[in-house]
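The values are calculated or read from the model by the stated rules, or taken from the named source; none is laboratory data. Small disclaimer: the values here were computed from a predicted structure and weren't measured. Note that we place each Cβ from the backbone using ideal geometry, even for glycine, and neighbour counts take in every protein chain shown.
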Amino acid sequence: MNASKKSIAVFSWLTLSLAIALMLVPAGCGKASPSENAPPPDKAQLLLKARQIYYVLQNQGVKSFQCTIQPDWAKFAKFMTQNGTAVDQAKIALITPFAFTAVVDEQGNATATPFLATGGSVDPTVDQMVSGAKQVIEGFFKSWGSVVFTGIFAPSDDQNLAMVAQPDGIHFSQKTGEANVDIVLNRDSLLTSMKVTTTSSIIVMNPKYSKTDKGLLMTSLNSDINNGTQKVNFEVQYQTVEGFQLPGKVSYQVTFPTQAVSIEMSFSNYQIVKK
C-alpha cells in the first residue's frame, strides 16, 4: 500500500491509521502463552479461525454504504492547535456548520466530501481544518473498515507471513513497503499484540472487543507511538441500523507529552446497499 503525503497537523494520527491499514488486521484480546509441550501450531488453521471469529459487515450481508459524519469542531480545533495550526473562535464559527458525506465502496475504500446544509463553499481560511478532518475520517475507515467492514487476514496474504512459535504466542511477521510488522496470535487465533516499525515510527497497538452472537466486534484500540511520545485511544460506540452494527460515535483521546486532546465524530443518515 502506498502512503500519500500527509499534512503536518494530522501526521502522527495518520501514521497510526496507515500502520493499521498496512496489514488489514486488528490486535486482539488478552495474552496467552502456548504450552511448552503443545504440538507446533498449524498456520493455515490458525489463520482460518482468525478469519471466522470477528464480526464483519460484509459477511453479514453489507455490500457498501454511505453516511453523514459531523465532527466536533471545537475539539478538533484543539487538536489542530496542538499540532501547530492556530485556530481562533472566528474560524470555529466558520467551520461549525460543515459536515461530511462518507461513501464506502465494496473494497472498503472511503471518500469523505464536505458539505454545508445551507449550501455554499468552504471559506479559504478554514481549508486546512476541513482537509485535516477529511484525512482523519478517511483514515478512520482504513483502520476500522479493514477490521469490521471487509474482515481480516485475506487468504492471499498467508504465504507472505513468516510464523514462529515463541513463549508469548505465535508470531507472524512481514515486511510491507517500509514497514516491519510483528503480530502475535494465541492458539485460539486471538491476536494479542501488533507492532509496526518504520524508519520514523514505532507503533504498538492493543485493541478491545465486545462479544456479539455474530463474532467479536472491535470497540477500542490503545496505541503507543514512539515509546510514549504520543498515545492514542480510539473508541467506537455502535448503533444498530437495519440489523447491522455501525459506528454511532467515534472518539479519540490523543495524549502528547504536555497535553491530552480529544477528537469526536458522530455518524448518522446511513444508506446501506446489501448483497
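For segment 122-164: of the residues being more than 11 Å from the chain's Cα centre (by Cα) and of a type in the set (S, T, Y), which is nearest to K43 (Cα to Cα)?
S156
G151 fails exactly one of the following numbered conditions: (1) on the phi < 0 side of the Ramachandran plot; (2) outside any strand (DSSP E or B). What is the number of that condition?
(1)
Can you name every residue in segment 95-123 that is crowded, with 16+ Cβ neighbours inside 10 Å and either at pLDDT below 90 or of a type in the set (D, E, K, R) (or both)?
Across segment 95-123, the qualifying residues are I95, V122.
Among the residues of segment 55-76, is any at pLDDT 85 or above, at negative phi, small (G, A, S) and outside any strand (DSSP E or B)?
yes
Out of all the residues in segment 141-160, is one or more aliphatic (A, V, I, L, M), more than 19 Å from V56 (Cα to Cα) and surrounded by 14 or more Cβ atoms within 10 Å (Cβ to Cβ)?
no
Tell me, please, whether a residue that is in a helix (DSSP H, G or I) and either modelled with pLDDT of 80 or more or under 30 Å from V87 (Cα atoms) (or both) can be found in segment 177-195.
Within segment 177-195 (the criterion being in a helix (DSSP H, G or I) and either modelled with pLDDT of 80 or more or under 30 Å from V87 (Cα atoms) (or both)), the answer is no, since none of the residues qualifies.
Looking at segment 224-257 only, could you name the residues that are in contact (Cβ under 8 Å) with a residue 60 or more places away in the chain and β-branched (V, I, T)?
Matches in segment 224-257: I225, V232, V236, V250, V254.
Looking at segment 175-208, which of its residues are hydroxyl-bearing (S, T, Y), under 18 Å from the mean Cα position of the chain (by Cα) and crowded, with 20+ Cβ neighbours inside 10 Å?
Across segment 175-208, the qualifying residue is only T192.
For the list (1) buried (at least 20 other Cβ atoms within 10 Å of the Cβ); (2) in contact with a Leu (Cβ under 8 Å, 6 or more places away or on another chain); (3) in contact (Cβ under 8 Å) with a residue 40 or more places away in the chain, I need the number of the one condition that V126 fails.
(3)
Among what's in segment 37-53 and is assigned to a loop (DSSP other than H, G, I, E, B) and more than 23 Å from the chain's Cα centre (by Cα), pick the residue that is modelled with the lowest pLDDT. Spell out the reasoning first.
Of segment 37-53, the ones assigned to a loop (DSSP other than H, G, I, E, B) are 37-42, 51-53.
From what is left, the residues that are more than 23 Å from the chain's Cα centre (by Cα) are 37-42.
Values: N37: 58, A38: 63, P39: 70, P40: 67, P41: 77, D42: 83.
Once the filter is applied, the top-ranked residue is N37.
Please go through (1) touching a residue at least 40 places away in the same chain (Cβ under 8 Å); (2) among the aliphatic types (A, V, I, L, M); (3) closer than 24 Å to K49 by Cβ; (4) out of contact with any Cys (no Cβ under 8 Å at 6 or more places or on another chain) for L216 and return the number of the only condition it doesn't satisfy.
(4)
What about T101, is it closer than 30 Å to E242 by Cα, of a type in the set (S, T, Y) and touching a strand residue (DSSP E or B) at 6+ places or on another chain (Cβ under 6 Å)?
Yes: the conditions hold for T101.
Across segment 258-271, what is the number of residues that are of a type in the set (A, V, I, L, M, F, W, C) and either without any contact (Cβ under 8 Å) to a residue 60 or more places away in the chain or touching a Cys at 6+ places or on another chain (Cβ under 9 Å) (or both)?
Of the residues in that region, 2 qualify.
In the list Q239, Q230, Q245, which residue meets the criterion of being buried (at least 18 other Cβ atoms within 10 Å of the Cβ), more than 25 Å from T198 (Cα to Cα) and under 18 Å from the mean Cα position of the chain (by Cα)?
Testing whether each residue is buried (at least 18 other Cβ atoms within 10 Å of the Cβ), more than 25 Å from T198 (Cα to Cα) and under 18 Å from the mean Cα position of the chain (by Cα) leaves just Q245.
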